[in-house]
Each structure stands twice: as structure tokens, then as C-alpha cells.
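Everything on this sheet refers to the single structure shown next.
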Ligand SMILES: [Zn+2]
């Protein structure tokens, strides 16, 4: 039996409804050994060197410390106390010593330091343009609110914002393209091919209900045309107060108790957890989603991933539908399953979609992705400490499987960036072509070759530079 901590250590990590369903049917033991390294390390190393050279330029750009303000200390940019900070027109300034003089420089922590509208502190225009900054350092707290079923975000200044002031050009071309592919301006909330059947427990926080329904509707609208016939998706929204209710549902009973105990214990930020899949029950194939949280949830003290969990779970229905819509036999072992859908595709693919759609704009999506990468890379350094493109290769291979637990954790973040690269390179069409292979492909390698024309190895090689640059942009790890 899989250790529960594998599935439950982080909030949204509970997602393998189909795997559990299949385990229940076949009562099999999962192989727990990590897959052997199937790619020769020297291949990665050779490519790694050339990629490293290419990405030196990127790392210099990303360092972005204090270059935009002229170095000459004029009377207007002198400051009096070393270490003090201020925010002017969205840019954060820090007081540092230059030679014998204390001057204001753009702080490396500023998320808008590259904005073309940066105004030198002390200049006369700064007083007339003075406004509250919407910038947020993702290494600080990431607090979101809900207003009219839409997300708001609390900036470091303390004020809540409904949008982000950064221009698309400050983000990478891959990220811009991936974001626009998943957020077509023509998209409405209409989803005629998807019928939701809600079971909302009275204990579920009422302020989350309309938001959750809207998020699921938006997901269904995005994937509506992927479903070839109309499908029903059952959605259960529950909390730690619903233990008796859960006892009637073996799927929930198997997945939820670990999280509910954590909500009871109240010794960490509560979170939203979820699970989803598409399977046959009593002769009818349906999508199934559960979302569970603490009944006492407070949006100012919650795990930062919560806004995207509903979209992440909906995408698991899409993945499962893609694989089982023609009722292909369920793989009888987890490693057999992972050969068709490696964990970095299952969890990371779901995260690429959810992180790039749930946060409402490119800037917040980007900050949330940065936090996801930074937080998990920091927490799992004892497994692989990402310092080079070679480490990225090792992590791509390692996250094909669920074990060790660090591989499970990292599949969410490295996978998110890997499939962001697919979306940014081959568009949503290319991504859907991969999904369309899952019903028949014997392996993920075959699915990739028949969709985007890359072997799995070539995919790793081609995307690793981008993936590494995203990891590198979050340095230093904590
Ligand atoms: Zn998942």
C-alpha cells in the first residue's frame, strides 16, 4: 500500500482517481522502484554545455540588480538611512552605499524593475504619478481574495488588485504564447458538451462556491470541443465535517481522510485538495471530481496554490477521457501507466493548464509559477539540487515515476514548465495532439512522436534550456 504521505503532503497533490480506481479493481501491488535512467547521462552532459552557454545571457538579464538608475549620485536620489526602502511608481527602491554616498537603487526584489515606466526617485513626476504599487514578490506572502466570483490579489503594499499592470513583453516568448493559447479572447463560459452534477456539502465554505463553479465552467468551456459526446461530471465539495457522508463513497474514503486529519490538526496553512478521473461506474462512464478544504477556511491564511486546484482537477478528467474514451484496458501496474502518462505529464500537464488559466492574467500566472518552482525546488534539494541543465535532465527522468516522494513533489513544478514549453512551442493544437494519442499509444514516447514529431528524449533535450531558465530565475532557493 502506498504511503499516504505520498499523496497528501501538499494540498492539491491528490489526483489519481483513475489509478486508485484501477488498484481497487485489480488489487495489485504497485512497483515502487524508480525507473532506471533510460537515457545515457553523457548525452545530457554534452547538450548541457551548449545550452548552458546559450543561457548565460538569460541569467544575466534575470539578475537585474539595480542597473536602471544612473550611477551618478545626484542630490535627488540620495538617501539617508542604509537599508531603507520605498516604492515609486511600481518600482521598489533600496538605500545602498555607493562610494561614500547613500543612494536609492532599484531593488532586486522589485517585480516591476524592468518596466519601462520606472521613474527615478525624487524626480518631480513621481509625486504626480504616485499610486499604490500592485507588485508582489513571490517569495513573500501570496494572498488572494474573491470578488464577484473572480480572483483578486494582495500586493506587497497591502492593497488588493483586480489586475496586473505589467505588459506582456516583460515575460518570456514561450510564456506569452502558452498563456495566449490557453486564454483565447473569444472564450465564453458556455460548455454544451459538459454537464456538471454538483453535490455541495453544507459545511463547504460558502464564499468558495460561486468561484469554484465559475472555475469549473471556464475549464469545461476551454475543453468543451475535446469531448466527442456529451459527458457528465460529478463534483463533490466537502470538508472535514463530512466524514460520515464520505463513508458511502469508496473513492472519497480512500483519498480524503489524510487531508481531513490535517484540517482537524490546524497546525499548518489549510489548503484545497482534490482528485479527479473518468471511469465506468454501473455501466456509465462519467467524470468525477472532488474538492475538499477546511470548513473554517480563511483566505488570508491558506496554501498559495488554492486558486488553481479546480482547474487542475478538471484537466485530470480531460486526460483520463483522452486515455479511456475508447475504453482501452487500464494498465495493471503504476509503472505501466506511467509509461503512457509519465507523472510529469499527468501532474505537470495539469499544472501548466491550471497555473496559466486560473490566475486571471499573465503576470499573476507567472508569479504563481515562479513560486511553484521555487518552493518545490527549495524543499526537494536533497533529492536534486538544480544547478545546471544536466540536473534538469535528471529531474525530468526522475519525475516520470512517483517515487521517491521528492519525484512526486517535483513532477508538479518541473512538469508545469515542460508542458508550458510544449504549449508555447506547438500551441494548444500540439498539446491536444499529444492528448489524442493517449487512447492508443503504447508509450509516451510514441505519443510524442506521432503528435509533435519528437522522441521523448528529444523533447527533454529541446525543452531543458527553457525549463532550466525558469528554475534559474527563481534563485536563490531558500
Ligand atoms: Zn493532480
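Values in this text are rule-based calculations from the coordinates and carry no lab data. Quick caveat: nothing in here was measured; it's all calculated off a predicted structure. Note: ideal-geometry Cβ built from the backbone for every residue, glycine included; neighbour counts use all protein chains shown.
Calculate, for residue 383 and residue 300, the FRET efficiency according to 1/(1 + (r/R0)^6) with r their C-beta to C-beta distance and R0 30 Å; round to the nearest 0.05. Working from the Cβ atoms, E equals 0.40. The share of C-alpha pairs in the stretch 182-240 whose separation exceeds 17 Å stands at 42 percent.
Annotation: extensible slack from residue 190 through residue 141 equals 14.2 nm (criterion: 0.36 nm per residue apart, minus Cα-Cα distance).
The alpha carbon gyration tensor of the stretch 283-344 gives principal lengths a ≥ b ≥ c with a/c of 1.5 or higher and a/b greater than b/c, which makes the shape prolate. The length gained by stretching the chain between residue 267 and residue 436 to full extension, at 0.36 nm per residue less their Cα-Cα distance, is 56.6 nm. Across the stretch 261-335, Cα pairs under 8 Å and at least six residues apart give a relative contact order of 33 percent.
Using only alpha-carbon positions in the stretch 199-283, the gyration tensor eigenvalues give semi-axes of 26, 17, 11 Å once each is multiplied by 5 and square-rooted (largest first).
A simple spin-label model places the labels of residue 230 and residue 176 4.2 nm from each other, with each point 7 Å out along Cα-to-Cβ. At full extension, residue 478 and residue 169 could sit 108.4 nm farther apart than now, given 0.36 nm per residue minus the alpha carbon distance.
The order of the peptides 433-440, 392-399 by mean Cβ neighbours within 10 Å, most packed first, is 392-399, 433-440. Using the average count of surrounding beta-carbon atoms within 10 Å as a protection proxy, the listed peptides 143-156, 315-328 rank, highest first, as 315-328, 143-156. If I model the stretch 377-425 as equal point scatterers sitting on the Cα atoms and use the Debye formula, what is log10 I(q)/I(0) at q = 0.18, 0.20, 0.21, 0.26 Å⁻¹? At q = 0.18, 0.20, 0.21, 0.26 Å⁻¹ the computed log10 ratios are -0.51, -0.62, -0.68, -0.99. Distance between the 7 Å Cα→Cβ label points at residue 328 and residue 197: 2.7 nm.
Would you please classify the overall shape of the stretch 318-439 from the alpha carbon gyration tensor, given that a ≥ b ≥ c denote the square roots of the eigenvalues, rounded means a/c under 1.5, and beyond that prolate means a/b larger than b/c while oblate covers the rest? Oblate is the answer for the stretch 318-439, as a/c is 1.5 or above yet b/c matches or exceeds a/b. Put simply, the C-alpha atoms of the stretch 270-318 give a gyration tensor, and the ellipsoid matching it has half-axes of 27, 11, 5 Å, longest first.
Debye-formula intensities of the stretch 377-478, expressed as log10 I(q)/I(0) at q = 0.14, 0.16, 0.24 Å⁻¹, are -0.54, -0.69, -1.32 (one equal scatterer per alpha-carbon, no solvent). Taking a ≥ b ≥ c as the square roots of the eigenvalues of the Cα gyration tensor, the stretch 174-319 is classed as oblate, since a/c reaches at least 1.5 and a/b does not exceed b/c. Given a Förster distance of 30 angstrom, what is the FRET efficiency for residue 335 paired with residue 450, based on the Cβ-Cβ distance and rounded to 0.05? After rounding to 0.05, the efficiency reads 0.85.
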